[in-house]
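FYI, it's all coordinate maths here, none of it is from the lab. All of these numbers come straight from a predicted model, not from anything done at the bench. All Cβ positions, even for glycine, are placed from backbone atoms using ideal geometry, and neighbour counts span all protein chains on display.
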Amino acid sequence: MRIALGCDHRGFGVKQRMLKLLESHGNDVCDIGCFSNEYVDYPDFAMAVAQRIGSGECERGILICGTGIGMAIAANKVAGVRAAPCHDLVTAEMSRRHNDANILCLSADLLGEEMIERIVKLWLETPFEGGRHARRVDKISKYEAKLNGQ
């Protein structure tokens with residue numbers, strides 16, 4: 001799977017570990033940055049990852065900041081993106097099964113290393129259920145297209 005990976009300064013350490021983990025499982029990872037723990041603005045990296053998802057260049061994205069919330073807010077401004085901040089296994093699984101989330105937003109400050117790895121693994125392996133959920137996701141996509149003049 002082609003995965004776009006990005007973070008802000010607070011997520012840098014987690015991103016570095018995640019990069020190695022994702023590649024060791026055979027994923028093609030596009031490291032968008034940031035590339036140190038010097039202060040940066042999270043919207044820059046959220047948008048860069050989201051654009052790769054929205055354009056279809058990458059299948060999925062993972063964003064890491066202090067809480068995961070700011071990254072999700074910023075990424076969801078890009079057409080075609082369904083970014084979900086997930087803080088446990090249930091939200092990770094349901095974001096895929098019911099919402100077809102294509103960007104996972106994680107907290108570097110609130111989650112331990114083991115939990116992050118479990119969340120990522122589950123999120124990547126969980127399929128979208130479709131059915132009634134597809135109808136709902138399609139409504140969101142149609143509204144988004146209308147807003148973008150399509």
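In the chain, if the dipole is taken from +1 on Lys/Arg beta carbons and -1 on Asp/Glu beta carbons about the Cα centre, which of Gly112, Ala79, Gly26 is farthest to the positive end? Value computed over the given set: Ala79. Sequence-distant contacts, meaning Cα pairs under 8 Å at least 6 residues apart, place the relative contact order of the chain at 22 percent. Summing charges over neighbours of Val137, with a neighbour being any other residue whose Cβ is under 14 Å away from its Cβ, gives +4 when K and R count +1 and D and E count -1. Close lysine pairs were tallied over region 12-150: pairs 8 or more places apart or on different chains with Cα atoms under 23 Å apart number 6.
Packing, as the average of other Cβ atoms within 10 Å across residues, places the peptides 135-148, 26-39 in the order 26-39, 135-148, highest first. Whole Å is fine, so just give me how far the alpha carbon centre of region 107-142 lies from that of region 20-59. If you average the Cα positions of each part, the centres end up 17 Å apart. Relative to the dominant Cα principal axis of the chain, helix 42-54 is inclined by about 50°. Approximating the spin labels as points 7 Å out from Cα along Cα→Cβ, the Asn148-to-Leu21 distance works out to 3.0 nm.
Simple spin-label estimate for Glu93 and Asp28 gives 3.1 nm between the two label positions (7 Å along the Cα-to-Cβ direction from each Cα).
Taking a ≥ b ≥ c as the square roots of the Cα gyration tensor eigenvalues, region 1-83 comes out oblate, since a/c reaches at least 1.5 and a/b does not exceed b/c. State the label only: which of (1) 8.1; (2) 9.5; (3) 10.3 corresponds to mean projected area of the Cα convex hull in nm² computed from the shown model? Of the listed options (1) 8.1; (2) 9.5; (3) 10.3, (1) comes from this structure. When the chain is treated as a Gaussian network with alpha carbon springs shorter than 10 Å, the biggest mean-square fluctuation among Ala74, Ala84, Ala46 belongs to Ala74. Considering only Tyr39, Gly68, Gly56, the residue lying farthest towards the positive end of the dipole of region 29-150 is Gly56, judged by Cα position with unit charges set on Cβ.
In a simple Cβ point-charge model (Lys, Arg +1; Asp, Glu -1; nothing else charged), the chain has a dipole of about 680 debye relative to its Cα centre. Per-residue packing, averaged as other Cβ atoms within 10 Å, sorts the ranges 94-107, 121-134, 10-23, 53-66 into the order 94-107, 53-66, 10-23, 121-134, beginning with the highest.
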